[in-house]
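Engineer: Following this message is one structure expressed as structure tokens.
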Amino acid sequence: PWYTPQSVYHQARTVDCNELRLHHVPPTISPSTQVLLLQSNNISLIGTELQNLNNLTELDLSQNHFRQVQDMGLGSMGSLCQLVTLYLEENLLEGLEDFSLRTLSSLEELYVNHNRLNSISQHAFSGLTSLLRLHLNSNRLVAIDRRWFESLPSLEILMIGENPILGLEERTFQPLARLHSLVLAGMGLEEVPPAAFLGLHYLESLSFYDNKLRWVPREALSMLQNLKFLDLNRNPISRVGPGDFQDLLHLEELSLNYMDQLVALERDAFQNLPEMVKLEVYSNPGLVSVDPHAFSGLPSLRTLLLHSNQLSLLSNQLLTSLPGLEELSLHSNPLRCDCLAAWGPHLGNQSAVKLLDSPLTTCSSPPQLLGRELQEVVSIGWGAVGGGASGNSCLPQVSALSFPPVLNLSSGQPITLPCWASADPAPQFYWVTPTGDKVCTPKQLGSGELVSGDGLYTCVAWNVEGPTPGVSPCSWTPGAWLRPRGRSPGGNSSHSAVPVDVQEYNLTHLLPATDYHVCLSVSSSAGLAVALVVSPGNSVAMAAVTGSLFALLLMLLLGGVMARRLHSKSCSLKTYLHSSSSSSSIPLKELYPPLITLWDADADKEKEREEEQGGAPIDTSKTYLW
């Protein structure tokens with residue numbers, strides 16, 4: 001029933017004809033009727049049946065068979081001058097013609113959503129000077145014409161989402177000076193022009209739900225100084241960066257949920273938002289990193305929802321930066337419970353912060369605390385719960401989700417490799433490049449990012465507690481190989497690097513397009529990780545190598561050395577490499593420069609002479625550490 005401000009305690013006189021399978025409006029409706037409900041019928045045409053309903057304030061014609069507004073007879077019904085609300089959704093309307101609603105001077109709410117509208121004439125809304133709410137969502141519009149809104153000076157709410165709009169234009173909504181709420185959901189928007197919202201000085205609520213925005217439209221948002229509610233859910237935004245929401249001084253609630261591509265909230269991501277009271281960043285399956293300074297501009301934040309992400313830790317510095325925090329949601333995250341210095345002051349018995357869904361907020365590591373409630377562990381210390389140490393050590397853990405499994409790139413195409421780790425204090429990073437170089441601060445971008453060439457990269461995170469116990473490397477196979485330095489008559493070059501604390505043996509001067517078999521004698525007293533890279537070869541190269549191996553074996557057998565080496569299950573590595581490389585006419589020293597020097601030059605010469613004389617075993621005990 002409809003309630004007016006003047007008769008708030010009196011129910012409006014209502015005639016309910018919903019779902020009666022009517023084909024026509026009943027002619028005997030009382031002239032005193034204020035609300036007429038004709039929803040879900042089979043009406044396709046109205047004549048003069050509503051002509052005497054001078055008191056009608058609400059008319060529901062939704063879910064019928066109207067194909068055009070003229071079939072409703074609204075243009076000639078001057079008697080509907082008191083009509084306030086008109087429902088036309090879920091009909092068969094394909095267009096709105098000029099002046100088709102001009103007699104409805106008191107109309108405040110118009111619902112034309114879920115039709116088949118593909119065109120709206122320039123003056124379709126002429127005469128609706130009192131209209132406050134307009135729903136045009138879920139139609140077939142491909143463009144938004146600012147001329148539609150020139151007849152709507154009082155409009156406060158516009159819902160125009162779920163239309164296949166090709167794109168927004170500058171100053172599209174400028175005639176709507178009094179607009180308070182704008183919904184642009186499900187329109188496939190990939191970008192927002194900087195001046196799209198120019199003139200919307202009173203806009204308080206804006207929704208970009210379910211679009212294709214890859215970054216926060218910060219320039220367009222900067223025009224909305226009175227914005228209070230912002231919805232960016234379901235957009236492929238990968239990061240929230242510094243200043244993305246800066247200086248939205250009246251923003252109170254922000255939603256960044258259901259973003260499959262979101263991986264990080266960076267430093268100063270929410271800068272200078274003094275009135276923000278609620279921040280939602282949940283159900284983002286790739287979110288692994290929240291910078292300790294990400295929330296430093298939120299002094300009034302009371303509710304923070306971070307559940308159902310891939311977060312393992314919120315640093316002490318981050319939680320300390322939120323003095324007004326009252327509610328925190330963290331469940332369904334792979335939480336670390338060995339960092340009590342971070343969790344304890346904020347989630348312990350003396351904390352004023354309420355942990356929402358506390359029974360569901362459980363530990364994922366260390367193993368002895370798997371499944372235990374975070375708040376329980378924090379309250380009594382995990383040494384008491386799990387029988388471990390004090391739990392104050394918080395070594396870095398590099399997230400495996402930082403790295404894509406494979407990247408296929410073209411020659412010369414740039415790529416950015418991110419690296420994130422959880423630790424308290426916050427970790428520092430360095431990279432080991434494919435050439436074995438250690439890259440630290442001078443080339444570090446953000447949270448340990450490096451822009452460079454192709455190959456295998458290793459990210460190392462460390463803090464005052466120590467280095468990361470395990471390094472997560474990122475590797476990819478480029479779609480087109482980059483040419484090596486120096487002369488390169490043919491073939492491809494390949495470079496690789498291995499994690500810190502892994503012994504490595506570098507093989508150089510190898511023939512291109514050739515398969516090699518390498519046998520190493522390994523001591524059982526030391527752990528060794530060996531990565532063997534085999535490059536595809538052709539039949540000619542294989543035949544040449546096979547012949548060389550056969551000749552080498554005969555020479556070793558004749559010398560009596562092979563019997564002793566077969567007994568120890570080892571073979572000569574450098575003699576084989578020397579034989580293989582000496583038969584090549586390609587300047588291999590220029591084509592395949594060594595990545596890491598593992599053998600001293602003088603020692604190499606001496607060992608080669610010893611091998612030629614007596615075939616002494618190769619010393620594989622040397623390692624090279626960065």
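The values are calculated or read from the model by the stated rules, or taken from the named source; none is laboratory data. On a predicted model such as this, the values are computed, not experimentally measured, just so you know. As a convention, Cβ positions derive from the backbone with ideal geometry for all residues, glycine included, and neighbour counts pool all protein chains shown.
Engineer: With touching a helix residue (DSSP H, G or I) at 6+ places or on another chain (Cβ under 6 Å) and buried (at least 19 other Cβ atoms within 10 Å of the Cβ) as the only criterion, which of ASN309, ASN316 stands out?
Structural biologist: After ruling out the rest, the residue left standing is ASN316.
Engineer: Among the residues of the stretch 191-205, is any modelled with pLDDT of 95 or more, crowded, with 16+ Cβ neighbours inside 10 Å and not in a loop (DSSP other than H, G, I, E, B)?
Structural biologist: Checking the stretch 191-205: at least one residue is modelled with pLDDT of 95 or more, crowded, with 16+ Cβ neighbours inside 10 Å and not in a loop (DSSP other than H, G, I, E, B).
Engineer: Looking at the structure I just gave you, is LEU254 among the hydrophobic types (A, V, I, L, M, F, W, C), under 28 Å from PRO292 (Cα atoms) and surrounded by fewer than 21 Cβ atoms within 10 Å (Cβ to Cβ)?
Structural biologist: Criteria not met by LEU254.
Engineer: Could you list, in sequence order, the residues of the stretch 294-318 that are of a type in the set (A, V, I, L, M, F, W, C), under 10 Å from MET276 (Cβ atoms) and over 19 Å from the mean Cα position of the chain (by Cα)?
Structural biologist: Within the stretch 294-318, LEU298, LEU301 meet the criteria.
Engineer: Next question, about the same structure. Are any of the residues in the stretch 173-184 over 22 Å from PHE125 (Cβ atoms) and either at pLDDT 95 or above or under 16 Å from the mean Cα position of the chain (by Cα) (or both)?
Structural biologist: Within the stretch 173-184, not a single residue is over 22 Å from PHE125 (Cβ atoms) and either at pLDDT 95 or above or under 16 Å from the mean Cα position of the chain (by Cα) (or both).
So that you can scan it fast, the table gives a plain yes or no per residue for (1) touching a strand residue (DSSP E or B) at 6+ places or on another chain (Cβ under 7 Å); (2) closer than 30 Å to ARG116 by Cα:
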{"position": "LEU166", "(1), (2)": "no, yes"}
{"position": "SER181", "(1), (2)": "yes, yes"}
{"position": "GLY241", "(1), (2)": "no, no"}
{"position": "ASP260", "(1), (2)": "no, no"}
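Engineer: Does SER296 qualify as being polar (S, T, N, Q), in contact (Cβ under 8 Å) with a residue 24 or more places away in the chain, assigned to a loop (DSSP other than H, G, I, E, B) and on the phi > 0 side of the Ramachandran plot?
Structural biologist: No, not satisfied.
Engineer: Please enumerate the residues belonging to the stretch 363-377 that are closer than 18 Å to LEU395 by Cβ and of a type outside the set (A, V, I, L, M).
Structural biologist: CYS363, SER364, SER365, PRO366, PRO367, GLN368 - these are the residues of the stretch 363-377 that are closer than 18 Å to LEU395 by Cβ and of a type outside the set (A, V, I, L, M).
Engineer: What single numbered condition from (1) at pLDDT below 75; (2) outside the structural domain of TYR430 (by TED's automatic domain parsing); (3) hydrophobic (A, V, I, L, M, F, W, C); (4) in a loop (DSSP other than H, G, I, E, B) fails to hold for ALA352?
Structural biologist: Going through (1) at pLDDT below 75; (2) outside the structural domain of TYR430 (by TED's automatic domain parsing); (3) hydrophobic (A, V, I, L, M, F, W, C); (4) in a loop (DSSP other than H, G, I, E, B) one by one, ALA352 breaks only (1).
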